[in-house]
Amino acid sequence: MDDSASTAYVEKLCTSGNLPDAVQILRHLHDRKIHVGLGTFNLVLEQTGEVNNFVLFAKVFRYLLLSKIAPDLTSYTNVAKALQKLDDYELILKFVRQVMEITHDRDPTVMNRIVFTTAKYGQIDKCLIIFEELKKDQRGLDVVTFNTILDMLGKAGRVDQMLQEVKLMDELGHSPDIVTYNTVINCLRRLGRLDQCKIFAREMVERGIDPDLRTYSALIDIFCRAGHITEALEMFDQMKRSHQPSIYVYRALISDLKKAGQFELAQKLSEEMKTSASELLGPEDFKQKFKGRKINKNK
């Protein structure tokens, strides 16, 4: 069988519901070094996931990884959906160990994307089970893995657990980056924990990591909401020296100033915002995963 005929045969078995044979053929093709495309793998992943046969699903994902074809978003979404239906934690751990065994000589991208999509589907406890297994053999995780877990825990309100993982991250030799600090500071900001925000902001600078627009925005907001108007305005001026402000920062600061009864300052900033409206960052900038454009001081 050539590649195209093999693909057609596997897909025909899938559509007819004969999934065990479809998976068996995938194994046979792998052994014979006959290739099928990513679309075929994704189809079989989807079908085995829908019938809740995780043993078959895990085999298909294994063959996909062994084929050296890079899984795509559809592949990882299928993984998250399959894990969502699975209550057998031993099967989850077996799956994770198999993936780690296959990808041990690669970077942690595969496991990172599994963790990310599983977290996206709200499977917090399953994510943590996977994460604990990854921590036993650190080749399967990196700073991106930690950042995903921190974001998930922060959004779930499990702040103490998030802070424990930040501490452990450092102990295991994974240095926090700008994403780590922004994730933690923003979570603490939402809870009004000003002192802890200051601690992490100070630590960040001491490590030689420059605040970006998101860092400044979070700190300005929490200073304002805590009634520390002078510090908020100082932070705002500091931000403007290195980053192009966004319209969101202006709006938040103006709103917070009004709530604090600082109407003159709010009006002054409102006029400044209108005057420089054409230069402010807006929705389109942030749609492109914008993190804060730096000002070129040489202009």
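Values in this text are rule-based calculations from the coordinates and carry no lab data. Just so you know, these numbers come straight off a predicted model, no measurement behind them. With ideal geometry, Cβ positions are generated from the backbone for all residues, glycine too; neighbour counts draw on all protein chains shown.
Below, the figures for the structure above:
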{"quantity": "Selected from VAL99, LEU66, GLN84, residue furthest toward positive end of dipole (the chain; charges at beta carbon)", "calculated": "GLN84"}
{"quantity": "Axial C-alpha extent at least 15 Å, average Kyte-Doolittle at least 0.5 - helices from the chain (DSSP)", "calculated": "54-66, 89-102, 143-155, 213-225"}
{"quantity": "Top of GLY261, GLY37, GLY154 by mean-square fluctuation, Gaussian network on the chain, Cα under 10 Å", "calculated": "GLY261"}
{"quantity": "Computed [θ] at 222 nm, deg cm²/dmol, the chain (DSSP H ≥ 4; -39,500 (n - 2.57); rounded to nearest 500)", "calculated": "-22500 deg cm²/dmol"}
{"quantity": "Point-charge dipole on Cβ atoms (K/R +1, D/E -1) for the chain, about Cα centre, debye to 20", "calculated": "480"}
{"quantity": "Separation in nanometres of the label points that stand 7 Å from Cα toward Cβ, at ARG27 and THR275", "calculated": "7.4"}
{"quantity": "Full-extension gain in nm, ARG207 to HIS35, via 0.36 nm per residue minus C-alpha separation", "calculated": "57.1 nm"}
{"quantity": "Whole-number Å³ per residue for the convex hull built on Cα positions in the range 1-155", "calculated": "97"}
{"quantity": "Distance (nanometres) between label positions extended 7 Å along Cα→Cβ at GLU90 and LYS120", "calculated": "3.2"}
{"quantity": "Segment LYS167-SER242, extension gain: residue separation times 0.36 nm, minus the distance between their alpha carbons", "calculated": "24.0 nm"}
